[in-house]
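Note sheet for the following structure.
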Amino acid sequence: MDAVTEAKRNAGYRAADLVKDGMIVGLGTGSTVFFAMERLGERIASEGIRIFGVPTSNQTAMRAEEYGIPLTTLSLHPVLDIAIDGADQVTPSKQMIKGRGAAHLREKIVADAAKQFVVVIDSAKEVSVLDAAVPIEILPFAYGSVCRKLASLGGEPVMRNGVKKDGPVISDNGNYIFDCAFGKVDDPSGLESAINAIPGVLENGIFAKMTEKTLIIVGKSA
Ligand SMILES: O=C(CO)[C@H](O)[C@H](O)COP(=O)(O)O
């Protein structure tokens, strides 16, 4: 296992060890959180902890089945004890950009519903200022007008295309994903609000409004 993968596993396992018997757990998407789920599956089998997960993507729901993590829904459990997720960039003030996996719409809903938001990363994700392109989920009907407004905010929106599919990536919710570069983001919370105020935007990948309940775990490699 290479050093980055080892760091991701370390972060994921440490997050999974924060979960207590009886908790309802938001399950993010991505390679780091899948290590947390692997460990949760082990704890269910070895310690007999009884937990339920709320998955943020179809891929996470499938992984949960594989690891033996029982699932529930946000309608049955609108308040979660904890949510565990990865991130693409994180600042010292715990603001972040997410959405490489195009799952940030459900990820933000699940994180918002959780009492504690635990973010698992390797040290390559730590930055002083956010500057990655911001993933934005857009209703297909509205993408033209939304892109015009994103440009007027100073962004450069680029449609995310499939790898083994021609044309746009379609999210688990049936929408388009655009990656929109804004350069250095000086006011993440302001930009998060401004993007979401555009009619036709479902959600963007800046997470800047839940820093108080956020715990960042940076994984270590041996
Ligand atoms: O936001 C995400 C998916 O939408 C992921 O959590 C983020 O991209 C981190 O992924 P990984 O742990 O694989 O590096």
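Things to note:
- Being over 20 Å from M210 (Cα atoms), of a type in the set (S, T, Y), surrounded by fewer than 17 Cβ atoms within 10 Å (Cβ to Cβ) and within 12 Å of the ligand (Cβ to nearest atom) holds for only one residue in T60, T5, T72, and it is T5.
- For G48: the one exception among (1) more than 16 Å from the ligand (Cβ to nearest atom); (2) surrounded by 17 or more Cβ atoms within 10 Å (Cβ to Cβ): (2)
- Only one entry of G200, G205 meets the criterion of being buried (at least 20 other Cβ atoms within 10 Å of the Cβ) and in contact with a helix residue (DSSP H, G or I) (Cβ under 7 Å, 6 or more places away or on another chain), and that entry is G205.
- Some residue of the range 126-140 being more than 19 Å from the chain's Cα centre (by Cα) and assigned to a helix (DSSP H, G or I): yes
- Residues located in the range 46-65, provided they are farther than 21 Å from T32 by Cβ and in a helix (DSSP H, G or I): S46, E47
- The combined condition, being more than 16 Å from the ligand (Cβ to nearest atom), surrounded by fewer than 18 Cβ atoms within 10 Å (Cβ to Cβ), more than 14 Å from K98 (Cβ to Cβ) and not hydroxyl-bearing (S, T, Y), is fulfilled by D186.
- Among the residues listed as G26, G101, the single one being touching a Ser or Thr at 6+ places or on another chain (Cβ under 8 Å) and assigned to a strand (DSSP E or B): G26
- Exactly one residue out of G68, G99 is outside the structural domain of F178 (by TED's automatic domain parsing) and touching a Pro at 6+ places or on another chain (Cβ under 9 Å), and it is G99.
- Per this entry, D166 is counted among residues that are outside the structural domain of D88 (by TED's automatic domain parsing) and farther than 23 Å from I109 by Cα.
- Residue that is surrounded by the fewest Cβ atoms within 10 Å (Cβ to Cβ), among those in the range 75-98 that are part of a loop (DSSP other than H, G, I, E, B) and within 12 Å of the ligand (Cβ to nearest atom): D88
- Flag for K125 being touching a Phe, Trp or Tyr at 6+ places or on another chain (Cβ under 6 Å), among the basic types (K, R) and modelled with pLDDT of 95 or more: no
- Leading residue by the ranking (nearest to the chain's Cα centre (by Cα)) among those in the range 1-21 that are assigned to a helix (DSSP H, G or I) and of a type in the set (K, R): K8
The values are calculated or read from the model by the stated rules, or taken from the named source; none is laboratory data. For clarity, every value in this text was computed on a predicted model and none was experimentally measured. We place every Cβ from the backbone using ideal geometry, glycine too, and count neighbours over all the protein chains shown.
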